[in-house]
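The values are calculated or read from the model by the stated rules, or taken from the named source; none is laboratory data. Worth saying up front: this structure is predicted, and the values here are computed from it rather than measured. Here the Cβ is made from the backbone with ideal geometry for all residues, glycine too, and neighbour counts use every protein chain on show.
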Amino acid sequence: MNFLSKTAVIACAVTLLSGCDNRPDKTLSPPAGAKWVDVTFRVPEGITLQPAELLYRSAQCKSVRYNSSNEPHDIPGYNDIERPFGVSDGDNIRRLRVAVDGGGSCQWQLNSLKVSFRISDNVELVKGKEVIDTSYIFDFGDYGLSDGYGTGRAKVFSEKILVLNTDLFPMVFINHMFKKTTLKFFGGDTNYDKWGRRYRLSDTDSIYLHPSVHINKPVILESPISLPGNINALYPDGSREDVPNISPDYDKLLSMK
């Protein structure tokens, strides 16, 4: 279930409990002097950039949540928006300008920004596989997105400009036990902070995403046909090794780029 689906489920629950007349005004109207953040994404060949997903929260327009004892408590209201990047203006550069101060009657504040992309459908490697998005998440406040996007824990960043150049390799996972083959990018095990793709921003006003995609150097993981057994990785140079936690050796991949 993606970000928008999850928030839609929450919205339905709140609507049933509080009634349609209590829906907040989700119109954004950034005030004069509002803080903005500019996102620049250089799209490599073979990549499809998805619309950005924005989550705004409001302390003025609250929502009601019920705990396990069915007791209500207020939480900041939410406002989820999809926003496409602008058309390429040369060198496959796409840009997006996002208001941190969303304004409006609810005084919406940007809480989280998610930028996602995937291997394009016309790439030969995609055929017969379930393709999974690769994401970066940028948090501007509390009550952000869930941790279920494979980006790792948020790293604190307070400088004006954030530049991210991640080396990414296609990773095919052949899961014999579930009879499913998935495809996504691998840029290091995000359980380690140094390879994480989530940031907690405070004063940042420019984000530059320039991923380096090694589309012709996939790593192929294969599960055992039955348990017990180990997951085996086939690297672009033809070498093999057993790997833990469905994560190949990123340093080894980097030596082959």
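Please enumerate the residues belonging to the stretch 217-257 that are hydroxyl-bearing (Ser, Thr, Tyr), buried (at least 16 other Cβ atoms within 10 Å of the Cβ) and touching a residue at least 24 places away in the same chain (Cβ under 8 Å). Hits for the stretch 217-257 are Ser223, Ser247, Tyr250. Scanning for something out of contact with any strand residue (DSSP E or B) (no Cβ under 7 Å at 6 or more places or on another chain) and at pLDDT below 95, does the stretch 178-185 turn up at least one residue? Within the stretch 178-185, one or more residues are out of contact with any strand residue (DSSP E or B) (no Cβ under 7 Å at 6 or more places or on another chain) and at pLDDT below 95. Applying a threshold of 8 Å to beta carbon distances and a minimum spacing of six or more residues, or different chains, the list of pairs starting in the stretch 133-159 at a residue that is at negative phi and ending at one that is of a type in the set (A, V, I, L, M) and surrounded by fewer than 17 Cβ atoms within 10 Å (Cβ to Cβ) reads Tyr136/Leu164. Of all the numbered requirements in (1) touching a strand residue (DSSP E or B) at 6+ places or on another chain (Cβ under 8 Å); (2) touching a residue at least 40 places away in the same chain (Cβ under 8 Å), Thr27 misses one, and that requirement is (1). The condition of being modelled with pLDDT under 90 and charged (D, E, K, R) holds for only one of Asp139, Asp147, that being Asp147. Looking only at the stretch 166-216, residues that are over 23 Å from Lys129 (Cα atoms) and either in contact (Cβ under 8 Å) with a residue 12 or more places away in the chain or crowded, with 18+ Cβ neighbours inside 10 Å (or both) come to 20 in all.
Do we find a residue being out of contact with any strand residue (DSSP E or B) (no Cβ under 9 Å at 6 or more places or on another chain) and of a type in the set (S, T, N, Q) anywhere in the stretch 70-89? Walk me through how you get there before you give the answer.
Here is the first cut: in the stretch 70-89, the ones out of contact with any strand residue (DSSP E or B) (no Cβ under 9 Å at 6 or more places or on another chain) are 70-71.
Within this subset, residues satisfying the condition of being of a type in the set (S, T, N, Q) are 70.
Yes, that holds for at least one residue.
Applying the condition of being within 15 Å of the chain's Cα centre (by Cα) and assigned to a strand (DSSP E or B) to the stretch 162-196 and asking which residue is nearest to Ile246 (Cα to Cα) yields Phe186. Report yes if some residue within the stretch 197-220 is in contact with a Phe, Trp or Tyr (Cβ under 6 Å, 6 or more places away or on another chain) and in a helix (DSSP H, G or I); otherwise report no. No. Against the condition within 24 Å of Trp195 (Cα to Cα), touching a strand residue (DSSP E or B) at 6+ places or on another chain (Cβ under 8 Å) and surrounded by 18 or more Cβ atoms within 10 Å (Cβ to Cβ), how does Phe140 come out, does it pass? Criteria met by Phe140.
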